[in-house]
1. How big, on average over all directions, is the shadow cast by the Cα convex hull of chain A, in nm²?
2. For every other residue with a beta carbon closer than 13 angstrom to the beta carbon of residue B:308, add +1 if it is Lys or Arg and -1 if Asp or Glu, then tell me the sum.
3. To the nearest 20 debye, what is the magnitude of the charge dipole of the stretch B:349-411 about its Cα centre, counting +1 on the Cβ of each Lys and Arg and -1 on the Cβ of each Asp and Glu?
4. Name the long-range amide H neighbours of residue B:57: under 5 Å, sequence gap of 5 or more, or other chain; modelled H, no Pro or chain starts.
5. Quote the convex hull volume per residue of the stretch A:10-92, based on C-alpha atoms, as a whole number of Å³.
6. Enter the Cα centre distance for the pair the stretch A:2-58 and the stretch B:1-52, rounded to the nearest angstrom.
7. Which whole number gives the average count of other chain Cβ atoms within 10 Å of the Cβ atoms across peptide B:95-104?
8. When you look at the Cβ of every residue in B:293-305, what mean number of other chain Cβ atoms sits within 10 Å?
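The values are calculated or read from the model by the stated rules, or taken from the named source; none is laboratory data. Keep in mind that this is a model prediction, so the values were computed, not measured. Cβ placement follows ideal geometry from the backbone for every residue including glycine, while neighbour counts extend to all protein chains displayed. When the accessible area is computed, the model is the full protein with side chains, heavy atoms only, and any ligands, DNA or RNA have been set aside. Shrake-Rupley method; radii C 1.70, N 1.55, O 1.52, S 1.80 Å.
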Amino acid sequence: MKRSERIVALAFMVATASALALFVVYVRGGNPQAEGALLALALGGVGTGLLVWATRLMPRIHDETQPRKKAPSATESDREATVETVEAGVEEIRRRSFLSRLLLGAAGALGLAALIPIRSLGRSPGDSLLTTKWTAGARLVTADGTPVTSSTLEVDSFTTVFPEGFEGSADSQAVLIRVEPELLTLPPDRSAGAPDGLVAYSKICTHAGCPLGLYLAATHELRCPCHQSTFDVLDGARPVYGPAPKPLPQLLLEIGDDDNVRATGDFTGPVGPSFWEEA
Amino acid sequence: MIVRRAVDAVDERLDATSFIRHNLRKVFPDHWSFMLGELALYSFVLLLLTGTFLSLFFVASPTTTTYRGPYPPLQGQEVSLAYESVLRLSLEVRAGLVMRQTHHWAALVFVASVTAHLVRVFFTGAFRKPRELSWIIGVTLLVAGIGAGFTGYSLPDDLLSGTGLRIIYSAVLSIPFVGTWLAYLFFGGEFPAPEMLSRLFVAHILLIPALITALLAVHLALVWHQTHTQFRPEGTAEDTVTGTPVWPKFALKSVGLAFMTFAVLAGLGGLVQINPIWLYGPFVPYSAPSPAQPDFYAGWLEGILRLWPNWEFHVFGHTIGTLFLPAVVVPGIIFTALALWPFIEARATRDTAIHHDAQRPREQPVRSGVGAAGIAFFVVLMLAGSNDVLAKYLQVEVDTLNGVLKVLVFTVPVVIGAMTWWVCRDLRDRDVAPIARPARTEFRRNVAGGFDEEEEHDASARAEPAVAAHGDREEPS
């Protein structure tokens, strides 16, 4: 027995044994590592056997040189005849210009009609991207529904908040941060919306829509984990670094008589990445 | 006997004997780099097999349920039916995890081998007339492969995939005029719409695989019909092909390769963990993993997003979203240019002839330079796509690293491209006129007592420049 022949025989035997072992592993409850390894051995055994067989045990099959073309190429007149056939057909159709125009019209109308099922695929955007679930007087609650009071947050800590009744809502998620009130440099019409240094912004990054997960208390910055857009919390969430082009919309707040933190309305602008309908 | 009856039966009905005989004896040229396309083909076969298995267990539903499976950290947590079904498949169905991980590994190897195959075809000029259509189909297959990968890893409804999906949604949203409508039609409504998962599922298990299967069929039929390019052995003509006959040697080798591909992927699937969604947790819209890394083939797209400046354009009371250029226009231009490369090159070199020879990269220094620059560009972008991980590893600020990468993404391709061009040109010229040893000069004493100088004419030093074995010498365009 030649050496190559022995290798092929061994490979096929390994394959057979591994495949049978796979049965045993499976029946005895399975184990991903053993399954993967045995499957690899079984498949690899067959593969190795075939490859060694083909390359080492088929030396009598030599490389061969063949013409690339089976039949001679078309001649110039063949091509000419083809062109004439096509053109004659087109001419035959166009001869009835009235009918052929009607046919075009029908095809166009059918194309339009095909838009109808496509239209069914989605709701009309309407103003859904411009509004969220926040309304005047909505209580701020955390993801588990706990209402936020004026004393929930210590200075330089933050939490994710939702309008009460819409916990987990994707477009209404906001990040509430408490900072030293005198550090805030918000525009005059917005500073009243940050009582006691409690300031809230949309949590959706204006770059690609990832939720902002990181608050850097030392510099009072919010940072997006996806593409590192960074927003200055003190200065109206102005983007200070990274690819985000515009500030995070602010959620103006008030502290009610019951000490609950409430929104005074929706965000100051559309949340998330910009889109065509946005001014 | 059985074979005889089969041949008779087919011939009587299809009159196909000469066709079959011809194709059994058809030869395919052999070179290690020709294996890359086969590798892609066989990974796709395995994707179909494992994917069919997975689809029988997956539930494409965002409806929430309380997790009561065997994985303790998630017990009692609200998860979607989709996430739960993938957990069940991974942790409870016997052999389920091996199937799932093999599927994911096969997807990575599929895109990787399509890319490697494309690089091989590019650098050897195998895309030239008459094979432009194969090239365009190949580029489309790459795009479809990336789409298949993306829709696939979005399905388990885990935290990582949800974040990726959110970015794609934002990219669609950024398209001028029709962005919001397109996003709503594709995803079913504002992110995260309840229809999303079932749509991704249909795209992933029907639309994209059907497209890939159809394109692969045409691609293979074209290779078969037009014959494979080759590095032409000396003494043969360009309109001939030299190689191994299909039956039995080439067939055995190719099937052997198929089994080896399956073996490696099954080994990876069983032994090397990938996409452990139970560690990521279920998708919640107000949470994102950090650091988050997409699969490798999306790394360069992620890199563009991370390096692109924060531009946003306002026109006539409308906004062109910031993602439109980096996530839609730039990738669109890249893939269009790639698909049209055969025509771009043919026009630049004014070469409209039919070619069957595979070229060595040195024979076309300009093309090789462009190719190398392109690879360098993607490598820098991929690094940028993991800038946070890289910064941590290098112990520098992400901001500093980003500044450096913004410079590197333009300079590295130029430097690599120029160096490749220069090296290729030098190698080519050396093939044409090999460096010879210097001519020997003899000094002889003459009768007058002085010296005569005589240069010895060395045959190799003065030989006519030989025409390169693999093609005519051409000035770079």
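1. 34.0 nm²
2. Spelling it out: positives minus negatives among the neighbours equals 0.
3. 180 debye
4. none
5. About 209 Å³ per residue, rounded to a whole number.
6. Taking the Cα centre of each part, the stretch A:2-58 and the stretch B:1-52 sit 24 Å apart.
7. Whole-number average of other-chain Cβ neighbours for B:95-104 is 4.
8. 1
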